[in-house]
Amino acid sequence: MNKEILTQPEQSKRNFLKIILSGGLVALVGSILYPIFTFLKPPKQGEVEVSSVKVGKLKDIEKNSGTIVKFGTKPVLLVRTETGDLRAFSATCTHLDCTVQYRKDFGMIWCACHNGKYDLNGRNVSGPPPRPLNEYKVVVQGDNIFVSKNV
Amino acid sequence: MKSAWNKFYSWLDERVQLQNLIQFMGKKYVPVHSHSIWYYFGGVSLFLFIIQVVTGILLLLYYKSGEEFAFESIHYIMSKVNFGWLIRSIHSWTANLFILTAMIHMFSVFFEKAYRKPREMTWITGMLMFFLALGFGFSGYLLPWNELAFFATKVGTDIAGVIPIIGKPLMIFLRGSEEVNGATLSRFFGFHVAVLPGIFTVVLGIHLVLVQRQGMSEPLGLEANSKSGLKTMPFFPNFLLRDLLFWLVVLNLLAILAVFFPWELGKKADPFASAPAGIKPEWYFLFMFQTLKYIPARLLVIDGEVFGILLFSFAGLLWMLVPFWDKKSNRGEQNRFINYIGLFAVLYIIFFTIIGWLL
């Protein structure tokens with residue numbers, strides 16, 4: 001290929017154009033991609049901050065049973081132990097996000113997805129879960145049960 | 001009639017030179033040998049893909065995306081629409097058979113080392129299509145918005161979330177939200193009916209052009225032994241007719257499966273219900289699912305699941321890049337090591353799938 005021999009001012013003119021054009025190209029690509037990528041990121045939903053929820057009546061919950069209650073948008077597992085104690089934990093398994101359940105037969109909290117087990121203090125005792133379940137506070141006023149965040 | 005056809009043919013031929021194409025097809029030969037059976041699995045995968053496109057478009061006419069409508073619309077398709085049960089059942093069954101035939105095709109190409117030079121790109125595009133097929137399976141699984149699909153998607157996207165650094169943004173990108181909800185369903189619907197088919201069609205086009213340009217690969221040993229060259233049969237019409245016959249058999253099999261083992265719809269997803277006992281992913285994810293169960297929660301410095309996922313990703317990458325590190329096959333020499341790797345992969349997948357199925 002024949003190389004053109006350029007004079008000094010021509011060369012600098014060419015360099016200038018190169019910078020302007022490639023800069024323009026980068027800006028063009030950027031201005032196309034930026035809206036696309038930010039579009040893909042879902043906007044933050046304004047969630048109502050829930051701090052305490054009335055979840056039911058004491059007489060409706062048998063001993064040695066568990067039930068899932070709604071805490072805002074999150075599922076919470078309310079367990080009534082054999083001795084009648086009420087405990088509440090986040091029902092979201094710390095392993096891979098499945099929803100756990102109370103198993104009467106072995107008196108533990110169990111995740112069906114990967115056979116993870118937690119004791120009644122929410123501690124991960126067997127299977128793959130890496131962390132304990134978050135505990136919630138349970139308060140009984142009269143016959144009403146309230147679950148609230150453990151601060 | 002004949003002359004009208006001839007007229008139309010010459011009209012077309014004058015403009016697009018059909019004659020060249022026919023000559024090219026006429027010159028294409030398929031090697032005949034004891035392993036020829038494996039040549040049919042690529043074609044049958046293509047056939048199943050075409051069925052998916054057709055039944056998928058039909059389902060689109062009635063399906064409604066959204067937390068409130070998805071389950072109900074599939075229920076409507078299955079109970080009210082004429083032959084809706086059949087179309088939906090065929091779509092679900094074909095999805096599974098497609099993954100199976102693609103898998104058989106992949107393993108046969110692997111064991112025959114048909115990926116070796118000059119077919120590296122054919123292998124890579126094939127592998128890309130295989131991953132896309134898994135994506136099709138995963139995204140399509142959620143669309144009926146039933147209980148099993150809901151938890152499968154929670155787990156699957158959460159797995160994406162544990163990948164270091166890019167995991168969290170990737171998970172939110174997939175879910176369209178922090179949680180699996182209606183936003184996830186909308187996204188998966190978009191992936192399933194627009195994004196994935198678009199990409200898949202392009203990759204499939206490249207794959208098919210490469211196969212036509214390069215012809216069928218011959219097994220290494222056979223190639224070296226024969227002095228007079230291998231026995232062959234013309235692609236058109238001999239091989240194509242055999243292909244069509246196999247497709248017909250598969251179509252019958254599909255009809256039997258779809259009619260006698262209709263695909264169930266299950267229970268509608270409830271974000272406030274516990275995961276049901278005995279929950280399992282689709283069979284093609286089962287071996288990975290089962291492995292994840294056995295990896296302890298923590299391995300030295302990293303979480304067990306991160307380790308498992310990195311391990312599978314690394315193995316998948318090595319598998320996909322085999323044409324570039326299997327130097328021996330590229331030189332036309334036998335490479336037993338590859339057979340052992342392939343055998344290990346097959347046995348591993350079968351063993352853990354069965355265990356996952358039984359436990």
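Taken together, the values in this text are just the output of simple stated rules run on the coordinates, not laboratory data. Fair warning: this is a prediction, and the values are worked out from it, not measured in the lab. Cβ coordinates were reconstructed from backbone atoms using ideal geometry, including for glycine residues, and neighbour counts include every protein chain displayed.
Each residue of the range B:163-176 is assigned a 3J(HN,Hα), and the resulting list reads 4, x, 6, 7, x, 4, x, 5, 4, 5, 4, 5, 7, x Hz, derived from the Karplus form 6.51 cos²θ - 1.76 cosθ + 1.60 (θ = phi - 60°), x at Gly and Pro. The string of couplings for the range B:178-195 from the Karplus curve (6.51, -1.76, 1.60, θ = phi - 60°) is 6, 10, 7, 8, x, 4, 5, 4, 4, 5, 5, 4, x, 4, 5, 9, 10, 5 Hz, one whole number per residue in order, with x for Gly and Pro. Per-residue mean of foreign Cβ neighbours for B:151-158 is 4 (Cβ atoms of other chains, 10 Å radius).
Convex hull of alpha carbon positions in the range B:260-307: directionally averaged projected area 5.3 nm².
Charges were assigned to the Cβ only: +1 to each Lys and Arg, -1 to each Asp and Glu. The resulting dipole of chain B about its Cα centre is roughly 1100 debye. Working from Cα pairs under 8 Å separated by at least six residues, relative contact order for chain A is 18 percent.
Using the Cβ-Cβ distance between A:VAL29 and B:LEU61 with R0 set to 45 Å, the FRET efficiency from 1/(1 + (r/R0)^6) comes to roughly 0.75.
The trypsin sites (Lys or Arg not before Pro) of the range B:1-42 meeting both criteria, a DSSP state outside H, G, I, E and B (loop) and at most 12 other C-beta atoms within 10 angstrom of the site's C-beta, are B:LYS27.
Each label was represented as a point 7 Å from its Cα along the Cα-to-Cβ direction; for B:PHE24 and B:PHE111 these points are 3.3 nm apart. Note on A:63-74: average number of Cβ atoms from other chains within 10 Å of each residue's Cβ is 2.
Length gained on full extension, B:HIS33 to B:LEU244, computed as 0.36 nm times the residue gap minus the Cα-Cα distance: 74.0 nm. Under 5 Å between amide hydrogens, built in the peptide plane, is the criterion, and for B:VAL32 it picks out B:LYS231, B:THR232, B:MET233 among residues at least 5 positions away or on other chains. For B:LYS327 and B:VAL202, a Förster radius of 35 Å and the Cβ-Cβ distance give a FRET efficiency of 0.70, rounded to the nearest 0.05.
Exposure proxy shown here: for B:ILE74, B:ILE90, the number of other Cβ atoms within 10 Å sets the order, fewest to most, as B:ILE74, B:ILE90.
Using θ = phi - 60° in the Karplus curve 6.51 cos²θ - 1.76 cosθ + 1.60, the 3J(HN,Hα) couplings for the range A:83-100 round to 7, x, 5, 10, 9, 9, 9, 4, 8, 8, 4, 6, 6, 10, 6, 6, 9, 7 Hz; x is entered for Gly and Pro.
A simple packing score, the average count of other Cβ atoms within 10 Å per residue, orders the peptides A:86-93, B:290-297, A:59-66 as A:86-93, B:290-297, A:59-66, with the highest score first. Spin-label pair A:GLU82-A:ASN121: with each label point 7 Å from Cα along the Cα-Cβ axis, the two points sit 1.8 nm from one another. Proximity of backbone amide H atoms, modeled 1.01 Å from N, is registered between B:LYS267 and B:GLU147, B:LEU148 at under 5 Å, excluding neighbours fewer than 5 places apart on the same chain.
The range B:313-351 and the range B:68-106 have Cα centres separated by 34 Å. When both the range B:284-306 and the range B:138-213 are represented by their alpha-carbon centers, they are found 21 Å apart. Our note on the geometry: Cα centres of the range A:97-151 and the range A:29-76, 18 Å apart.
When chain B is treated as a Gaussian network with alpha carbon springs shorter than 10 Å, the biggest mean-square fluctuation among B:LEU132, B:LEU196, B:LEU253 belongs to B:LEU253. For A:SER65, the residues whose amide H sits under 5 Å from its own are A:ARG80, ignoring neighbours fewer than 5 places away on the same chain, with H placed 1.01 Å from N. Which entries of A:LYS41/B:LYS293; A:LYS44/B:LYS293; A:LYS41/A:LYS74 have Cα-Cα distances beyond 27 Å here? Distance filter (> 27 Å) returns A:LYS41/B:LYS293; A:LYS44/B:LYS293. With a cut-off of 11 Å between beta carbons, the residues surrounding B:HIS35 carry a summed charge of -2, where Lys and Arg count +1 and Asp and Glu -1. Note on B:186-192: average number of Cβ atoms from other chains within 10 Å of each residue's Cβ is 0. How tilted is helix A:8-40 with respect to the longest principal axis of chain A? Cα atoms for both, answer in degrees (0 to 90, nearest 10). Helix A:8-40 sits at roughly 20 degrees to that axis.
Net charge near B:MET320, counting Lys/Arg +1 and Asp/Glu -1 over other residues with Cβ under 13 Å of its Cβ? Every neighbour counted, the sum reads -2.
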